[in-house]
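Asker: This is the structure I want to talk about, given as structure tokens.
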Amino acid sequence: MPFAQVDGIRYFQFDSLQALGVRHGIFTRRGGVSPTPWDALNVGGLVGDDAGRVLENRRRTFQALDCPLESLYDVWQVHSREVVCTDEPRLPQQPHLKADAILTDQPGVTLFMRFADCVPILLYDPKRHVVGLVHAGWVGTVSKVAAYAVQAMQEQYRSAPGDIVAAIGPSIGAHHYEVGQEVIKQVQTAFGQDVSGLLVRTNGTAEGKALLDLWAANRLVLEHSGVRQVELAGICTACHLDDWYSHRGENGRTGRFGALVRVPAR
Ligand SMILES: [Zn+2]
């Protein structure tokens, strides 16, 4: 079952990661304390919601996975290709580092990120016991942040890309993601001859625009890095506003849903 439910909190899990004992979840917006337009389980601190409610929502997500909130490690997500490797949780008074990929091999650390259309990518190397969490919007996708995460797993933890299991979470689907010339040009530059399957035009596509398939693009980035196993949730955030926050689907007035991942205890 891809969805689990605990005390009104509903979250998505990947079969491939579950089979390997990786504690993880991508949390829907259900079961939290925030009012409209952040209803209800908003974990984003920079979207106008009250800090006390955001903290309570985060507490609920961590509790649902039986992870202590004190094990949280997160970064200031800035659409970069920066990767941070951590051995420790982030203390509340410690400033966030700017990055869009985080890695750890420590079972006492829970990696945490916030999303509303951008692509969550979870990584796990069962041989080297390393987990990763990546945030890839269109900027992160064309700068291939997922490839930098895989490279850091090789360099810092001696992972072999062929051992890494990757999972692409709920995010905006191509049919809901029309982009203009600026984005089209950057996707063409980044992906060269592979671009044809990533930029799609249909009868309804406006002149000079195209539909960008972020799922296929990130799958390609991972495969070019040598990752062989990629599970795709195939869930579009803008199609399912009852479950997910969608920046585009809700015209920017929305919250952020949480993704958590943790190495299995040895
Ligand atoms: Zn959709």
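The values are calculated or read from the model by the stated rules, or taken from the named source; none is laboratory data. Remember, predicted model here, so these are calculated numbers, not experimental data. Note that each Cβ is placed from the backbone with ideal geometry, even for glycine, and that neighbours are counted across all protein chains shown.
Conditions tested, residue by residue: (1) without any contact (Cβ under 8 Å) to a residue 60 or more places away in the chain; (2) assigned to a loop (DSSP other than H, G, I, E, B); (3) in the same structural domain as PRO107 (by TED's automatic domain parsing); (4) not hydroxyl-bearing (Ser, Thr, Tyr).
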position: LEU17; (1), (2), (3), (4): no, no, yes, yes
position: GLY25; (1), (2), (3), (4): no, no, yes, yes
position: SER34; (1), (2), (3), (4): no, yes, yes, no
position: VAL43; (1), (2), (3), (4): no, yes, yes, yes
position: ASP49; (1), (2), (3), (4): no, yes, yes, yes
position: ARG53; (1), (2), (3), (4): yes, no, yes, yes
position: THR61; (1), (2), (3), (4): no, no, yes, no
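Asker: Check VAL183 against each of (1) of a type in the set (Val, Ile, Thr); (2) within 16 Å of the ligand (Cβ to nearest atom); (3) farther than 21 Å from MET113 by Cβ; (4) in contact (Cβ under 8 Å) with a residue 40 or more places away in the chain and name the one condition it does not meet.
Answerer: Condition (2) is where VAL183 drops out.
Asker: Let me spell it out: the conditions are (1) within 18 Å of the chain's Cα centre (by Cα); (2) modelled with pLDDT under 95, and ASP7 meets all of them except one. Which number is the exception?
Answerer: Just one mismatch for ASP7, condition (1).
Asker: Out of the stretch 194-233, which residues are within 13 Å of the ligand (Cβ to nearest atom) and closer than 16 Å to CYS118 by Cβ?
Answerer: Those that are within 13 Å of the ligand (Cβ to nearest atom) and closer than 16 Å to CYS118 by Cβ: LEU212, ASP213, LEU214, TRP215, ALA233.
Asker: Quick one: CYS236 ticks every box in (1) touching a residue at least 12 places away in the same chain (Cβ under 8 Å); (2) farther than 24 Å from VAL47 by Cα; (3) out of contact with any Asp or Glu (no Cβ under 8 Å at 6 or more places or on another chain); (4) within 16 Å of the ligand (Cβ to nearest atom) except a single one, so which number is it?
Answerer: Going through the list (1) touching a residue at least 12 places away in the same chain (Cβ under 8 Å); (2) farther than 24 Å from VAL47 by Cα; (3) out of contact with any Asp or Glu (no Cβ under 8 Å at 6 or more places or on another chain); (4) within 16 Å of the ligand (Cβ to nearest atom), CYS236 breaks only (2).
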